[in-house]
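Novice: Sharing a structure with you now.
The values are calculated or read from the model by the stated rules, or taken from the named source; none is laboratory data. Treat the numbers as computed from the prediction; the structure is a model and nothing was measured. FYI the Cβ positions are ideal-geometry reconstructions off the backbone, even for glycines, and counts take in every protein chain you see.
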Amino acid sequence: MLNPSVQVHAADDHLLAEFWDCLRLDPAPTLELRGIYDRHVEAGGPPSVVIDLEGVGFAGSSALGNFVALQRSARQNGGRVVFCHVDPTVAEVFRVSKLDRLFEFVADREAARAAVRRGDSPAPDEPEPAPRRPPGPTSPGLGRLRRRRPGSEPD
């Protein structure tokens, strides 16, 4: 039996959130992420969040609503929310709901860390930031549909 959860790690300049056993992203782990973020910022932690959606094949409206609330909070605190490893199906949900304009989507964690370090505007010697739209259905390397916590049982 799968046990959907979020695992959050503090990095130097952001939080990293990974969703485990979440082929379908339910609202509970995203709500838990919001609580962890709020406590982290209240304790003086950096206000940006990298959300790794590897293994997530679908995100419903409640989960997206929690991401919107997290984005609002991050912006109020001077941070940003950056998504990576977004499956094409999930990217389409963001696009259809017109939420793709609120977030930044990049291919992997390294690009997400670079986006957090870059801030809202690139330095004069840095290249223009990647498009903020999620990758489309033909994007390479984003089609993994399952991610399990090590040692968890298969469906």
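Novice: So which of GLY57, GLY35 is free of Cβ contacts under 8 Å to residues at least 60 places away in the same chain, over 21 Å from ALA115 (Cα atoms) and of a type in the set (Gly, Ala, Ser)?
Specialist: Going through GLY57, GLY35 in turn, just one is free of Cβ contacts under 8 Å to residues at least 60 places away in the same chain, over 21 Å from ALA115 (Cα atoms) and of a type in the set (Gly, Ala, Ser): GLY35.
Novice: With respect to ALA43, determine if the residue is small (Gly, Ala, Ser) and either at pLDDT 95 or above or closer than 17 Å to ALA114 by Cα (or both). Outline the logic, then answer.
Specialist: Values: small (Gly, Ala, Ser): yes; either at pLDDT 95 or above or closer than 17 Å to ALA114 by Cα (or both): yes.
In short, yes.
Novice: So LEU99 passes all but one of these: (1) farther than 17 Å from PRO29 by Cβ; (2) of a type outside the set (Lys, Arg); (3) modelled with pLDDT under 90. Which condition number does it fail?
Specialist: Here LEU99 meets the rest and fails (3).
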